[in-house]
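Novice: A single structure is presented below for examination.
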Amino acid sequence: MSVASSLRRYAASRFLNVHASPKSFRNRSAVAIRLQHVAPPPLNSSNGKAACTPALKPGISDDTYFPPNENILFWRHFVTPQRPTETAARLRRHVDHVFYTSRKNPSSILYWLHAFARLAFFNNVFSSLGHTFLAMRLYDAPLSTRLLAFPINHADELLHVFKQDYDNIRTGTYNMPWDVSLTHRQSSPFFILRQILALAAEAPRVLSKTVEKESSNSNWLHSKLFPHYYSQTFHHQTDGWLSSSSADVYEVSTESLFRGTQDAMQRTVLKAISLFVQSYHRNQSKLTMLDLGAGTGRFSTFVRDNWPHAHYILADLSPFYLQKARENMSYWQRKRASSHLGPGSVRFMQANAEDLPLEKGSVDILYAVYLFHELPPHARQKVVLEAARILRPGGLFIIADSVQFGDRLHRDSALGNFERLNEPWFSSFIELDLGKLVCKDGMFTPYVKEVASMTKMLSFRRLGV
Ligand SMILES: C[S@@+](CC[C@H](N)C(=O)[O-])C[C@H]1O[C@@H](n2cnc3c(N)ncnc32)[C@H](O)[C@@H]1O
């Protein structure tokens, strides 16, 4: 038996042990369906674009640096159910799991309410229609076949992301997300309406084919800080990164793209930080964390909520996104002030990730979330060198970004299509061996890897004394 098939069997058995409710253990067909989650794809499943051999796929090359574990193998072989009966059986198991955890731990009820509310908001009829148009643009398929973009087919995958997130909360790896609170503005009908209107105004443009013929540069604002690639209207967003309306609609558009799971997928980063802090840095008030390409800073509110005594720098090139990040941090501070606020601090910095105005060895943890796929190859190399310069020896470098070829074998053939959403360097990203890029000069050593649906997180420790 090959090593790969032993690992698959191991993952299958672990998955059965960990996830099946006692009832489903008695149910043979449930077990059979469950095993299909981890069944390897046929060897000829990659067609056209993903024609690189498995050995060259970065998701597989990662195994050299990060020994494949249950999580990595589960997502690598995850298959969307094809038949309604299969979909129904998988959904029944999720419902069992939600009831089981809610009975065992009543505080989880709030988490599941929050998760289902997000799923309902980001998978309603309008957003599903949006996904159908998006699928038509990305895959050139006729409308009839794209009605598959309707949410029920994806529900199993989406619920797995929340399950994975909840497992980390249950085991104390990180806290319950602070935005589950019913007093958070995202539960307010006015806030929801504003988000819907912003999205409704932006979506037709992003989804229309004619936009491709327009100039893909938003160069109304010039600055010596901006590298040439920065003025692209990434994702066909109006004004690219360079307006407050773009910053206003960013969170709701990207969450819509990921059908409500973006926050939960990004929280894989919290897992690496948590392991690192528990192992090496119990005194968080001595920690400096840098969010590189922080965007609207929403993710950093989750980090800060877990380590409120640490010091934060949120760096980005867009002054508009930084302004939004400042608002998000102030909102977090107002909401959590009495119970949670530590002596930590936060600074905002307009800076190019390739050339940061920070002292050598001045940062303990650096996380770059969804930044690397926006950078051309030469910029990625420079950012890695900058990370090596500013991180203290022993410090943690985290890259969380799109999955790459080999991380989701059944998605490989379509992954490259995202480039059509004006992602000029996406193709070069999904075939990049990140482990090699980061570790090749002996400056970093691999730490942990975690996958959640369409996001993967790789982390590395800075070597040296
Ligand atoms: C896809 S967004 C991700 C934002 C945020 N990290 C998140 O996950 O929500 C990429 C961000 O990187 C910023 N960015 C792109 N190139 C950059 C560079 N060279 N230096 C600093 N920031 C950059 C953009 O302004 C944008 O805010």
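The values are calculated or read from the model by the stated rules, or taken from the named source; none is laboratory data. Remember, predicted model here, so these are calculated numbers, not experimental data. So basically every Cβ, Gly included, is an ideal-geometry build from the backbone, and we count neighbours across all protein chains shown.
Novice: Only strands (runs of 3 or more DSSP E) wholly contained in the stretch 284-383 count here; list those with 1 or more residues that are within 11 Å of the ligand (Cβ to nearest atom) and closer than 25 Å to Leu432 by Cβ.
Specialist: 288-292, 311-316, 363-369
Novice: Search the stretch 223-250 for residues that are touching a residue at least 12 places away in the same chain (Cβ under 8 Å) and pair each with any residue that is among the aromatic types (Phe, Trp, Tyr) and near the ligand (Cβ under 8 Å from one of its atoms) when their beta-carbon atoms are under 6 Å apart and the residues are at least 6 apart or on different chains.
Specialist: Gly240/Phe234; Ala247/Tyr321
Novice: Just checking, which of Ala32, Ala117, Ala88, Ala39 is at pLDDT below 50, in a helix (DSSP H, G or I) and out of contact with any strand residue (DSSP E or B) (no Cβ under 7 Å at 6 or more places or on another chain)?
Specialist: Ala32
Novice: In the list Leu275, Leu270, which residue meets the criterion of being part of a helix (DSSP H, G or I), touching a Phe, Trp or Tyr at 6+ places or on another chain (Cβ under 6 Å) and on the phi < 0 side of the Ramachandran plot?
Specialist: Leu270
Novice: A further question on this structure: Out of all the residues in the stretch 220-234, which are outside any loop (DSSP other than H, G, I, E, B), surrounded by fewer than 20 Cβ atoms within 10 Å (Cβ to Cβ) and not aromatic (Phe, Trp, Tyr)?
Specialist: His228
Novice: Got at least one residue in the stretch 441-452 being in contact (Cβ under 8 Å) with a residue 12 or more places away in the chain, surrounded by fewer than 24 Cβ atoms within 10 Å (Cβ to Cβ) and touching a Phe, Trp or Tyr at 6+ places or on another chain (Cβ under 6 Å)?
Specialist: Looking for residues that are in contact (Cβ under 8 Å) with a residue 12 or more places away in the chain, surrounded by fewer than 24 Cβ atoms within 10 Å (Cβ to Cβ) and touching a Phe, Trp or Tyr at 6+ places or on another chain (Cβ under 6 Å), one finds at least one in the stretch 441-452, hence yes.
Novice: Answer with yes or no whether His228 is under 24 Å from the mean Cα position of the chain (by Cα) and modelled with pLDDT of 85 or more.
Specialist: No: the conditions fail for His228.
Novice: Checking the structure you have, find out if any residue of the stretch 242-250 is modelled with pLDDT of 65 or more, assigned to a loop (DSSP other than H, G, I, E, B), near the ligand (Cβ under 9 Å from one of its atoms) and of a type outside the set (Ser, Thr, Tyr).
Specialist: yes
Novice: Across the stretch 251-262, what is the number of residues that are assigned to a helix (DSSP H, G or I), under 12 Å from the mean Cα position of the chain (by Cα) and surrounded by fewer than 23 Cβ atoms within 10 Å (Cβ to Cβ)?
Specialist: Residues in the stretch 251-262 being assigned to a helix (DSSP H, G or I), under 12 Å from the mean Cα position of the chain (by Cα) and surrounded by fewer than 23 Cβ atoms within 10 Å (Cβ to Cβ): 3 in total.
Novice: Which of the residues spanning the stretch 255-266 are at pLDDT below 90 and hydroxyl-bearing (Ser, Thr, Tyr)?
Specialist: Ser256
Novice: Follow-up question, since we're still on this one. Looking at the stretch 263-284, which of its residues are surrounded by fewer than 22 Cβ atoms within 10 Å (Cβ to Cβ) and either over 24 Å from Leu366 (Cβ atoms) or β-branched (Val, Ile, Thr) (or both)?
Specialist: Hit for the stretch 263-284 is Val277, nothing else.
Novice: Could you list all residues from the stretch 70-115 that are in contact (Cβ under 8 Å) with a residue 12 or more places away in the chain, of a type in the set (S, T, N, Q) and farther than 23 Å from Pro177 by Cβ?
Specialist: Thr80, Thr87
Novice: What do you reckon, is Ser274 modelled with pLDDT under 90 and under 30 Å from Ala155 (Cα atoms)?
Specialist: no
Novice: While we're on this one: With the structure loaded, tell me whether His236 is modelled with pLDDT under 80, over 17 Å from the mean Cα position of the chain (by Cα) and more than 30 Å from Ser108 (Cα to Cα) or whether it fails that test.
Specialist: Answer is yes for this residue.
Novice: Same structure, new question: Can you confirm whether the stretch 418-425 contains a residue that is under 26 Å from Ala351 (Cα atoms) and over 18 Å from the mean Cα position of the chain (by Cα)?
Specialist: Within the stretch 418-425, one or more residues are under 26 Å from Ala351 (Cα atoms) and over 18 Å from the mean Cα position of the chain (by Cα).
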